[in-house]
Amino acid sequence: MNIDIRKAVLANISGNNKDQLQSTIVDAITSGEEKMLPGLGVLFEVIWKGSDDTKKEEMLSVLSSELK
């Protein structure tokens, strides 16, 4: 069976408002379930692609700082 995770995740959240998106992210993180990680990765990919270089630098700084 071949599942396109990106398409599935994007289809599941398409049309969601900010509150719904936040709930999805918080639920995925607080559940601690490994199966949620690919979905969070897809969301991060969307954010990364939609960000300018300044925002990308900010994200990298936060990641670098939090991973020390």
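Once phi is turned into ³J(HN,Hα) by the Karplus curve 6.51 cos²θ - 1.76 cosθ + 1.60 with θ = phi - 60°, what whole-Hz value does each residue of the stretch 30-40 show in order, with x for glycine and proline?
6, 5, x, 7, 4, 5, 7, 4, x, x, 5
Convert each backbone phi in the stretch 50-67 into a coupling constant with the Karplus relation 6.51 cos²θ - 1.76 cosθ + 1.60 (shift: θ = phi - 60°), then list the ³J(HN,Hα) values in order as whole Hz, x for Gly and Pro.
Per-residue couplings from phi come out as x, 9, 7, 4, 5, 5, 4, 4, 4, 4, 5, 5, 4, 4, 4, 5, 6, 9 Hz.
Within 10 Å of each residue's Cβ, count the other Cβ atoms and sort Lys7, Lys18, Lys56 from fewest upward.
With the sparsest Cβ surroundings first, the list reads Lys18, Lys7, Lys56.
Would you kindly give the portion of the calculated P(r) for the chain that falls above 14 Å, as a percent of all Cα pairs?
Within the chain, distances greater than 14 Å cover 68 percent of Cα pairs.
Nearest 20 debye, what's the magnitude of the dipole of the chain about its Cα centre given +1 on Lys and Arg Cβ and -1 on Asp and Glu Cβ?
140 debye
A short reminder: the numbers here are calculations on the coordinates, not readings from a lab. Just so you know, these numbers come straight off a predicted model, no measurement behind them. Because the Cβ atoms are built from the backbone with ideal geometry, glycine has one as well, and the counts that use them run over all protein chains shown.
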